[in-house]
Amino acid sequence: MDEYYNYIKSLHLIFVITWFAGLFYIVRLFVYHAEAKAKPQPEQDILVKQYQLMSYRLWYIITWPSAVLASIFAFWMLFGTTMGNAWLKMPWMHVKLGFVFLLYLYHLKCHQIFVQLQRNEVKHSSSFFRLWNEGATLILFAVVFLVILKDAFNWIYGVIGIFLFSIILMLGYKFYKKVREKNQS
């Protein structure tokens, strides 16, 4: 199995990338769906149906299959190769697996929201979804820093940096929203 390690790792990385792409885009579709609910008829019905279709295709054709395949190749790397067995003994890998667990929880919460929106139940605002999208970003940064640095503690600086950057983005969004609302009135 070890002679195939780089192939397995490459496939794992490809499906992690498509998984994150799906997670980022599905939440963006959640934002659009929430905003479409504020539109007048018939525009609302047209947009909502289109976003439901786009979400359905993205979720079941790209995001879920990518999550499953990324997980299969990860387990294969960790438990089917010598390198993976060695990594399981390293503290940074334990921290990384903790973030992967958070990613699974994030994915499942997105699935719950997806199901609600497919029933046209909008329980959150577009602002909530914009903030929710930052969850995947924080997990991605933490995992990348952990894998590259292979250090259980230095990844914290990168995550703190992206967290502060996220706060600045959110403050910028709130400022832009106030300016936009002021200009509309």
Stretchable slack from LEU149 to TYR7, in nm (0.36 nm times residue separation minus alpha-carbon distance): 48.9 nm
In order through the range 162-168: 3J(HN,Hα) via Karplus (6.51 cos²θ - 1.76 cosθ + 1.60), integer Hz, x for Gly, Pro: 5, 5, 5, 4, 4, 4, 4
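Before I look further, what does the range 2-152 give for accessible area per residue, probe 1.4 Å, in whole square angstrom? Walk me through the numbers before you get to the answer.
Working: 8150 Å² over 151 residues.
Spelled out: the 1.4 Å probe surface of the range 2-152, per residue, equals 54 Å².
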Cα long-axis angle, helix 91-118 against the chain (0 to 90 degrees, to the nearest 10): 30 degrees
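Go ahead and run the numbers for FRET between LEU131 and TYR56, Cβ-Cβ distance against an R0 of 25 Å, rounding to 0.05.
For R0 = 25 Å, the calculated efficiency reads 0.55.
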Cβ-derived FRET efficiency at R0 22 Å, LEU138 paired with ILE168, nearest 0.05: 0.95
The chain, helix-only ellipticity at 222 nm - DSSP H runs n ≥ 4, -39,500 (n - 2.57), divided by all residues, nearest 500: -28500 deg cm²/dmol
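Efficiency by 1/(1 + (r/R0)^6): what FRET value for ILE46 and SER71, r their Cβ-Cβ distance, R0 = 45 Å, to the nearest 0.05? Numbers along the way, then the final one.
Details: r = 37 Å, r/R0 = 0.81.
The pair ILE46/SER71 has a calculated efficiency of 0.75.
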Cα-only radius of gyration and Dmax that characterise the range 78-133, units Å: 17.1, 48
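Please compute the contact order of the chain in relative form: average sequence separation of alpha-carbon pairs under 8 Å and at least six residues apart, divided by the residue count, as a percent. Kindly include the intermediate steps, with their values, before the conclusion.
Details: 157 pairs, mean separation 51.4, N = 185.
Taking the mean separation of contacting Cα pairs over the length of the chain, I get 28 percent.
For the peptides 165-175, 68-78, what is the packing order when you average, over each peptide's residues, the other Cβ atoms within 10 Å and list the highest mean first? The partial results should precede the final answer.
Working: 165-175: 12.2, 68-78: 17.1.
Packing proxy ranking, top to bottom: 68-78, 165-175.
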Solvent-accessible area, 1.4 Å probe, carbon plus sulfur percent, for the chain: 70 percent
Proximal lysines relative to LYS89, as straight alpha-carbon distance under 27 Å, when same-chain residues fewer than 8 apart are discounted: LYS9, LYS150
Cα-only Debye scattering, the range 2-152: base-10 log of I(q)/I(0) at q = 0.13 Å⁻¹: -0.64
Simple Cβ-charge dipole of the chain, Lys/Arg +1 and Asp/Glu -1, about Cα centre, in debye nearest 20: 600 debye
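The values are calculated or read from the model by the stated rules, or taken from the named source; none is laboratory data. Quantities reported herein were computed from a predicted structural model and do not represent experimental measurements. Note that we place each Cβ from the backbone using ideal geometry, even for glycine, and neighbour counts take in every protein chain shown. Heavy atoms of the whole protein, side chains included, go into the accessibility calculation; ligands, DNA and RNA do not. Shrake-Rupley method; radii C 1.70, N 1.55, O 1.52, S 1.80 Å.
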